[in-house]
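Below: the structure, in structure tokens.
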Amino acid sequence: MDAITVLKKHIKGIMNNEVQNALIKFICSKLLPFNNNLSIDWFRGKPLLGISVIEKLCERLKEVCIKFNNNILPASITTNGYLLDKMSNKLVNLGITSAQITIDGTADIHKHGRPLVNGKGSFEKL
């Protein structure tokens, strides 16, 4: 299966190795040969819950950027911010230097749209 076919499949859960490999292959074949810079924004699917995947991909992306003599620009992350306080140092060490925090309206609206697993709201913490 080619990289684009693998990347188009939507599977819930943490990005598996097949998708990670397809992503790196896609970047190496379609982006890096034609671009001097690589910019990354980690988003969708609660990216901080998949921090181990982000760590692996950041390391691999650094390696391929060196191979192609490209610059990897500071990365960003879009998150609800719930785990940001616990992971901020790790993110900076990975080259992620900015974060966009999403909030779904007022506290009451946010609570109903984005409850925690235990059913409680996250608005106050955010």
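The values are calculated or read from the model by the stated rules, or taken from the named source; none is laboratory data. Every value quoted in this text rests on a predicted model; they were computed, and no experiment measured them. Positions of Cβ are generated from backbone atoms using ideal geometry, with glycine treated the same way; all protein chains shown enter the neighbour counts.
All conditions but one from (1) polar (S, T, N, Q); (2) outside any helix (DSSP H, G or I); (3) surrounded by 13 or more Cβ atoms within 10 Å (Cβ to Cβ) apply to N21; the one that does not is (2). Filtering region 100-126 down to residues that are within 19 Å of G45 (Cβ to Cβ) and out of contact with any Gly (no Cβ under 7 Å at 6 or more places or on another chain), which residue is surrounded by the fewest Cβ atoms within 10 Å (Cβ to Cβ)? Among them, the one singled out is V117. If you go through region 38-48 and keep only what is surrounded by fewer than 16 Cβ atoms within 10 Å (Cβ to Cβ) and at pLDDT 85 or above, you end up with S39, D41, F43.
Return yes or no: is V64 in contact with a strand residue (DSSP E or B) (Cβ under 9 Å, 6 or more places away or on another chain) and either closer than 19 Å to L126 by Cβ or at pLDDT 85 or above (or both)? The answer is yes for V64. Among the numbered conditions (1) within 15 Å of the chain's Cα centre (by Cα); (2) closer than 15 Å to I27 by Cα, the only one that A75 does not meet is (2). Of all residues in region 99-126, those being touching an Asp or Glu at 6+ places or on another chain (Cβ under 9 Å) and among the small types (G, A, S) number 3. Please go through region 59-93 and pick out each residue that is part of a strand (DSSP E or B) and surrounded by 13 or more Cβ atoms within 10 Å (Cβ to Cβ). Across region 59-93, the qualifying residues are I72, A75, S76, I77, T78, T79.
Considering each residue of region 40-61, count those that are more than 12 Å from the chain's Cα centre (by Cα) and free of Cβ contacts under 8 Å to residues at least 40 places away in the same chain, and give that number. Count: 2. Take the conditions (1) assigned to a loop (DSSP other than H, G, I, E, B); (2) out of contact with any helix residue (DSSP H, G or I) (no Cβ under 8 Å at 6 or more places or on another chain); (3) at pLDDT 85 or above; (4) not hydroxyl-bearing (S, T, Y); M15 misses just one of them, which is (2). Determine whether S52 is surrounded by fewer than 16 Cβ atoms within 10 Å (Cβ to Cβ), modelled with pLDDT of 90 or more and assigned to a helix (DSSP H, G or I). It is true that S52 is surrounded by fewer than 16 Cβ atoms within 10 Å (Cβ to Cβ), modelled with pLDDT of 90 or more and assigned to a helix (DSSP H, G or I).
Checked against the criteria, A22 does not count as touching a strand residue (DSSP E or B) at 6+ places or on another chain (Cβ under 8 Å) and of a type in the set (A, V, I, L, M, F, W, C).
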